[in-house]
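Report on one structure; see the data block that follows.
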Amino acid sequence: MSQPILTVEGVDSGYGEVQVLDDLSLTLEEGEIACLVGPNGAGKSTVLKTVFGMLEPWTGSVRLGDREIGGMAPEDIVRIGVGYVPQTENVFGSLTIDENLRMGGVARDGGLEEVVTELYDRFPILDEKRTAKAKTLSGGQRQVLAFARALVMEPDVLLIDEPSAGLAPNTAAEVFEDVVTVNELGTSILMVEQNAREGLGISDRGFVLDQGSVEFEGDAASLLDDPEVSRLYLGGESRH
Amino acid sequence: MAQILQYLANGLVYSSIIILGSIGLSLVYSIADFANFAHGDTMTVGAYGAFVAFGLFGGMGGSLLGLPLGFYVSLLVGMALAAAIAVLTHLAVYEPLDTDSIGLLITSIGVAFVYRASLMGVFGTDFLQYDITRSGPIPFLLENFDVAITQRDVAIVVSAAVLVGSLHFLLQRTTLGRKMRATADNPDLARVSGIRTDRVILVMWVIGSALAAAGGVFLALYSQLDPRIGFGILLVVFAAVIVGGIGSVYGAMLGGLLIGMIHELTPLLGDVGIPIGTAYAPAIAFVIMVAVLLVKPRGIAGDLT
């Protein structure tokens, strides 16, 4: 197997004095979607924040390819090919759709117009509402904008925190479709998802987190089929 | 009727000064997240900076709106000085402090004392004036509308309008302005997007303090200069910022206009037989502020931006 595009190895991390991640290790292979699932408080979002420099790893290593990025600032990490879509407050509400996209590209060296035009083509709902303030968007539309903002940098790796949070089931399904589309266009995705079955359903691999460590990992399909994982973490019997 | 026009004209001048002060206060609140009690004294610093510069440049030939060109040069010097001092203060005091908004607020009161005491130490506590001859009201307006407006009043309003207009252009039409609005809106997401927010904060200090300095210069030009003028007007500026919706730059402009107008329209009460003297003008401004907040708790523009 080739080198993972993202490697988290033996990481402890947390907020202030409170430790959340405990010797956590995982990898993201190039081109795949990997999904982090697990109970509330397991540390799923903390993994993304630590990878993206919102939190500094206390110990251990975070690598993009073979480059150590643990402890780098978010504004630097975004410049080397990693994007992050936070779970909440993930758009600039008082800015227009167009301004949101342009803010997503402040770190680009050039080609902003081309990529913004491309994104408008791909997400027509944003094109229709270019001059509207982002806070006027519905939940699903807002999630699309949050993606698009992160995609302006054309990241190699996209970290997505609970894309379906707060969305009606059919809207969530559309958002998951967008995640798949983005992945098919070549972006490797590490996603946290509360809706574990749906999240794993679109993923290549999955990691089950509990109390800050990876308890189970494997192909998404086999995790979904694993009776123990189902019983403990997916809220019931396996699908078969 | 002429009397009301006169009050409105005075209100426009006073509002211009309040607006220039309010913008910086609101910017600091929205981006650096604290109520900056040194902001009034930043206005004073600018006014003294311009006073010193006027000693150097006052003799420059030419004039614009009844003020020598040297005055405008001195205005820019005062603005630059206040901006530089605010940036230094940010880097030396606020940024290294690991504290919350309340800690920063208390710190800014200390900073205010340092600014004021330094000015008192250097310039004394006496009233000073820019050495510019006061001219009478513009004859055309006096004869036709019975309103006394000096060229100096016009210069203050026009200069404030140019500065506020430039800020509007910056905020809406430039990438730097969009970064400032993005950072004020959501600092975490700004960093996630790649905005170097530490630089944006420096720019915010420069702009807010330069505008405050302009307000201080015009306040000193409108009345006179002493080390307490900025602090004296600070609470009224706060009222404007709060009534407009704290953290909103456009709210601060609206609030400044409203509070400045109310302040100068107070004599109207006496004219219609209500025995409330002009000494109560700031109090009335605060009463209106409370009244507005009762109806719109987030201020006039609190939901706008």
- ³J(HN,Hα) computed for each position of the range A:169-174 - Karplus, 6.51 cos²θ - 1.76 cosθ + 1.60, integer Hz, glycine/proline x: x, 5, 5, 4, 4, 5
- Any chance you could check the Cα centroid distance between the range A:194-216 and the range B:111-174 for me, in angstrom? 63
- Under 11 Å from the Cβ of residue B:170, count the other residues' Cβ atoms, weight Lys and Arg +1, Asp and Glu -1, and hand me the total. +4
- What is the sum of charges around residue A:184, taking Lys and Arg as +1, Asp and Glu as -1, for the other residues whose C-beta is under 13 Å from the C-beta of residue A:184? -3
- Item | Proxy reagent accessibility, fewest Cβ within 10 Å first, across A:191, B:79, B:261, B:60 | B:60, B:261, B:79, A:191
- Item | Per-residue ³J(HN,Hα) for the range A:142-148, Karplus 6.51 cos²θ - 1.76 cosθ + 1.60, θ = phi - 60°, Hz, x for Gly and Pro | 4, 5, 4, 5, 4, 4, 4
- How high is the FRET efficiency from residue B:95 to residue B:144, r the C-beta distance, R0 45 Å, rounded to 0.05? 0.25
- Go ahead and estimate [θ] at 222 nm for chain B from helices alone: -39,500 (n - 2.57) per DSSP H run with n ≥ 4, summed, over the residue count, rounded to 500. -23500 deg cm²/dmol
- Query: Given Cα pairs under 8 Å that are at least 6 residues apart, what percent is the relative contact order of chain A?
  - Reply: 26
- Item | Segments B:211-218, A:194-201 sorted - mean Cβ within 10 Å per residue, highest first | B:211-218, A:194-201
- Other chains near B:193-200: what is the mean number of their Cβ atoms within 10 Å of each residue's Cβ? 6
- Task: Determine, for each peptide in B:19-26, A:205-212, the mean count of other beta carbons within 10 angstrom over its residues, then list the peptides with the highest first.
- Result: B:19-26, A:205-212
- Just tell me which lysines come within less than 23 Å, Cα to Cα, of residue A:135; anything on the same chain fewer than 8 places away is out. B:179, B:296
- Shape descriptor, chain B: equivalent ellipsoid semi-axes (Cα gyration tensor, sqrt 5λ, whole Å, largest first) stand at 30, 24, 19
- Mean separation of Cα pairs under 8 Å and 6+ residues apart, divided by the residue count of chain B: what relative contact order is that in percent? 34
- Query: Ranked by Cβ crowding within 10 angstrom, fewest neighbours first, how are B:205, A:58 ordered?
  - Reply: A:58, B:205
- For the range B:79-183, state which chymotrypsin sites (Phe, Trp or Tyr not before Pro) are in a DSSP loop and have at most 15 other beta carbons lying within 10 Å of their beta carbon. B:127
- Message: Once the cut-off is 45 Å, how many percent of the Cα-Cα pairs in the protein assembly as shown end up in the long-distance tail?
- Response: 30
- Taking the Cβ of each residue in B:192, A:214 as the centre, tally the other Cβ atoms inside 10 Å and list the residues starting with the fewest. A:214, B:192
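Laboratory data are not the source of any read-out in this text; all were calculated from the coordinates shown. Every value quoted in this text rests on a predicted model; they were computed, and no experiment measured them. In this analysis, Cβ positions are derived from the backbone assuming ideal geometry, glycine residues included, and neighbour counts consider all displayed protein chains.
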